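All remarks here apply to the structure that follows.
The values are calculated or read from the model by the stated rules, or taken from the named source; none is laboratory data. Note that the coordinates shown come from a computational prediction; the quantities given were computed from them, not determined experimentally. All Cβ positions, glycine included, derive from the backbone under ideal geometry; neighbour counts span all protein chains shown.
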Amino acid sequence: MKIRVLIWAGFTAATVACSGLGKDYTFVDSDAAVEGGTDAGDASAKGDARADGAGPDGASLCPDAKINHPSTEPRMVGTDVAFVGTGRDVDCNPIIGSKLVWVDSLEGKIGQTETFIVQFSTRGAHTVTLTATGRSGATATANRPCFAC
């Protein structure tokens, strides 16, 4: 059995058998480098937000982008995957609609809204990036590793 080790933020230690690939992939948790979050682009990595949009230390967490779904569990190629994300501008107001752009490292642009469904067509290690652009033009990004087998 061939084992390939990937160290990728967002994954916890697990072995995943992907049918049709004939390989097992071991994902090793590397989140120790990210304080308080599961994803370097996740707003939670910056600390818990207060009602006024500031972090625990009083510093502003805006603008920001956050990927709420999908999680980092592997997905089968050709099955529906729901994506849900949010963004806030420099004044901590919600960013919605076409100002939220989703790009996949292997599939290209996959969405342009808060919630949508897509099917991966390419097997392998994907990185999905959500970019939120506010009225002032300021942007924030979030990244999420996804694996399709």
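Details
- E35 being modelled with pLDDT of 95 or more, out of contact with any strand residue (DSSP E or B) (no Cβ under 6 Å at 6 or more places or on another chain) and of a type outside the set (G, A, S): no
- Residues satisfying the stated conditions in region 130-140, i.e. in a strand (DSSP E or B) and surrounded by fewer than 18 Cβ atoms within 10 Å (Cβ to Cβ): T139
- Residue count for region 115-128 under the criterion of being crowded, with 18+ Cβ neighbours inside 10 Å and more than 15 Å from M76 (Cα to Cα): the result is 1.
- Only a single item in (1) touching a residue at least 40 places away in the same chain (Cβ under 8 Å); (2) buried (at least 18 other Cβ atoms within 10 Å of the Cβ); (3) in contact with a Pro (Cβ under 9 Å, 6 or more places away or on another chain); (4) not aromatic (F, W, Y) is not met by I95, and it is number (1).
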